[in-house]
Amino acid sequence: MSSRLRWIAQARRHPSAWLLAVQLLGVLLYPAMEHMPAGRALFGAFGMAVLGLAVWVVRRSPFDTWLALVLAIPAMVFSIAGALLERTALVTTAQIFECLLYFYTSCSLIAYMLQDHKVTRDELFAAGASFTLLAWAFAFAYSVCQQWYPGSFVASSSGDFRSWMELLYLSFSLLSGVGLSDVVPVHPQARALVMLEQFSGVMYVALVVSRLVGLTIHKASKG
């Protein structure tokens, strides 16, 4: 029993690690979900888990949890309604709320990392989780953009609409500065979103990662 309690206490101390692990697991599972008959239902269930973890993570930050709930609850409702009724407008509305929640959670994690001059293990996990949250947020923004402006993104595959994995791949490529994606924005609004993500990726490395590295080196030199 004592070992189980220690495991639960350890999990509570590192909510950012759980969020990061679930999102990275999603990267591996999403391709299979897209080609399964019940893929949309599984995708929705997985999204609910990520939303719940996002709200849990906000509790550790200086930001207010109630605003995260205001964004998470409509996202869940519209996502479930869109899956049951198969209405694209409902799914798009859910994605708007999810996009806003992920941006809010990412900002809350960044504030959590910047509020003191110590680098804890959970803050290192938070650095990875906030990065993936930004990638998810922009991917949802791209998905909404192509619903409002069909043909916003082109790729080697045919069609006016890119799959979720294509948009997420584009988002990770832009945010990391790698630029390896074969998905290209062609609509002016899509290009504006891409430029915002490129700027966010550069500033994330310059402000967040460099600060964590500097504090870690400073702590090591003092020790």
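For the chain, with every protein chain kept in place, what is the accessible area per residue (1.4 Å probe, Å²)? Per-residue value: 53 Å². For segment 64-115, what D do you get in µm² per second when you plug the Kirkwood radius from alpha-carbon pairs into Stokes-Einstein at 37 °C and 0.692 mPa s? Rounded to a whole number, D works out at 285 µm²/s. Measuring nothing but how far apart in sequence close Cα pairs (under 8 Å, 6+ apart) lie, relative to its length, the chain scores a relative contact order of 17 percent.
Each residue of segment 124-138 is assigned a 3J(HN,Hα), and the resulting list reads 5, 5, 5, 4, x, 5, 5, 5, 5, 4, 4, 4, 5, 4, 5 Hz, derived from the Karplus form 6.51 cos²θ - 1.76 cosθ + 1.60 (θ = phi - 60°), x at Gly and Pro.
Using a probe radius of 1.4 angstrom, the carbon and sulfur fraction of the accessible surface of the chain is 69%. Taking the square roots of 5 times each eigenvalue of the Cα gyration tensor of segment 50-167, largest first, gives ellipsoid semi-axes of 29, 18, 10 Å.
Maximal additional length on extending the residue 67-residue 120 stretch stands at 16.5 nm, based on 0.36 nm per residue less the C-alpha distance. Residues within the reach of a label modelled at residue 59 (point 7 angstrom out along Cα to beta-carbon, backbone nitrogen below 20 Å), restricted to segment 93-113, are 101-113. Can you work out the base-10 log of I(q)/I(0) for segment 169-214 at q = 0.15, 0.22, 0.33 1/Å, using the Debye formula on its C-alpha atoms alone? Those come out to -0.41, -0.73, -1.14, one per q. Which residues in segment 82-99 place their backbone N less than 19 Å from a point set 7 Å from the Cα of residue 203 along the Cα-to-Cβ direction? Label zone hits: 99. For the peptides 173-182, 55-64, the ranking by packing is 55-64, 173-182, with the highest mean count of neighbouring Cβ atoms within 10 Å listed first. Averaging the sequence gap over all C-alpha pairs within less than 8 Å and six or more residues apart, then dividing by the number of residues, gives segment 112-183 a relative contact order of 25 percent. What would the Debye equation give as log₁₀ I(q)/I(0) for the chain at q = 0.10, 0.14, 0.17 Å⁻¹, counting only Cα atoms as equal point scatterers? After summing over all Cα pairs, the log10 values are -0.48, -0.91, -1.27. Full extension of the chain between residue 180 and residue 29 yields a length gain of 52.3 nm, computed as 0.36 nm times the residue separation minus the alpha carbon distance. Annotation: amide H of residue 153 within the under-5 Å range of 186, sequence separation 5 or more or interchain, hydrogens built in the peptide plane.
The values are calculated or read from the model by the stated rules, or taken from the named source; none is laboratory data. Predicted, not measured: the structure shown is a model, and the values here were computed from it. Positions of Cβ are generated from backbone atoms using ideal geometry, with glycine treated the same way; all protein chains shown enter the neighbour counts. Note: areas computed on protein heavy atoms with side chains; ligands, DNA, RNA excluded. Shrake-Rupley method; radii C 1.70, N 1.55, O 1.52, S 1.80 Å.
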